[in-house]
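J.: So that we are looking at the same thing, I have put the structure below in structure tokens.
Only the coordinates and a few stated rules stand behind these numbers; no lab work does. Please read these numbers as outputs of a predicted model, since none were measured by experiment. FYI the Cβ positions are ideal-geometry reconstructions off the backbone, even for glycines, and counts take in every protein chain you see.
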Amino acid sequence: MHLILFFLFAGLCLAGAINLLLQSHPINSALSLIVVMTSLAVLYLLLGAEFLAAAQVIVYAGAVMVLFTFVIMLLNAGREERTLGSRVALTLGFPAVAAILALLATVILKAEGLGRAAMQDGITSTEELSKILFTNLLLPFEVTSVLILIAILGAVALARRGDGERTAGK
Amino acid sequence: MNSASISVVPHGVPLEWYLLLSAILFSLGVIGFLIKRNLITVFMSIELMLNAVNLSFVTFAHQWHAVKGQIFVFFVMMVAAAEAAVGLAIIIAIFRARATLAVDRIDLMKL
């Protein structure tokens, strides 16, 4: 059962990621990224992370991707024009990607005894997670809320400034 | 190793496969970052890389039966949400100044 679910959603994940690369219209890429994120949420659930699965759906597949699709529609982004890209990307980038993937794959496949994930494995409950989050890690948690507040202010300031500059004629 | 994993198949999935999936997703994100010519799609590739790293964090949290890895993913998600908001605001500002989203034509830091 675990095996079937893993292959189903890992396949969906990879298909979505490859589709993201192949599509030329940004809205299609955004929709395939939503597929990737939702199937990742199922994989988190298979690994026993119930809170993160919910947060993945709500925060990533929900909030962040709505923001993306909203910006795509707001800016009326059309098809991208395919160009060859920079020479640095061709000569340095792709060999580096291949090297990183090969290195990671060999290290992962050589590491034996990492264990297995099965359906019977325990699930980390949200209670367990929140106990640590609100006792040992209370300060980082609160700092994160300040960070998000600053990000909101920064986003508003950045999105407004261009408008103000144009009307002020600076 | 392959024969061993096939013979014990009814007992779930080896964690190596999850890590391998995470590595492949990360590489696809890097390739997208290199070949995509639209600013928003480039940004989406970065989100894909963040998600790939999150998957490996969750996998290791499962391996060690520890909650710390999951808490790390939680913080990564929060920072990524903030980053997405600011990044998209920057994209809007760039679009206002340049009226284009093609990365080939956005080659100056100055707006």
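J.: Of B:76, B:42, B:86, which is the most mobile in a GNM of chain B whose springs link Cα atoms less than 10 angstrom apart?
T.: B:86
J.: On average, how many beta carbons from a partner chain sit within 10 Å of the beta carbon of a residue in A:111-120?
T.: If you average over the peptide's residues, the count of other-chain Cβ atoms is 6.
J.: So what is the 222 nm mean residue ellipticity for chain A from helices alone, if each DSSP H run of at least 4 adds -39500 (n - 2.57) and you divide by all residues, rounding to the nearest 500 deg cm²/dmol? Present the calculation step by step, with values, prior to reporting the outcome.
T.: On the way: 7 runs with 117 residues, N = 170.
Taken over chain A, the calculation gives -23000 deg cm²/dmol.
J.: Per residue of A:28-38, how many C-beta atoms from partner chains lie within 10 Å of its own C-beta, taken as a mean?
T.: 3
J.: Just add up the charged neighbours of residue A:53: K/R +1, D/E -1, any other residue whose Cβ is under 15 Å from the Cβ of residue A:53.
T.: In short, -3.
J.: Label 7 Å along Cα→Cβ of residue A:150; region B:82-99 residues with amide nitrogen under 18 Å?
T.: Zone members listed by number: B:82-90.
J.: A follow-up question, please. When Cβ neighbours within 10 Å are restricted to other protein chains, what is their mean count per residue of peptide B:62-70?
T.: The per-residue average across the peptide is 6.
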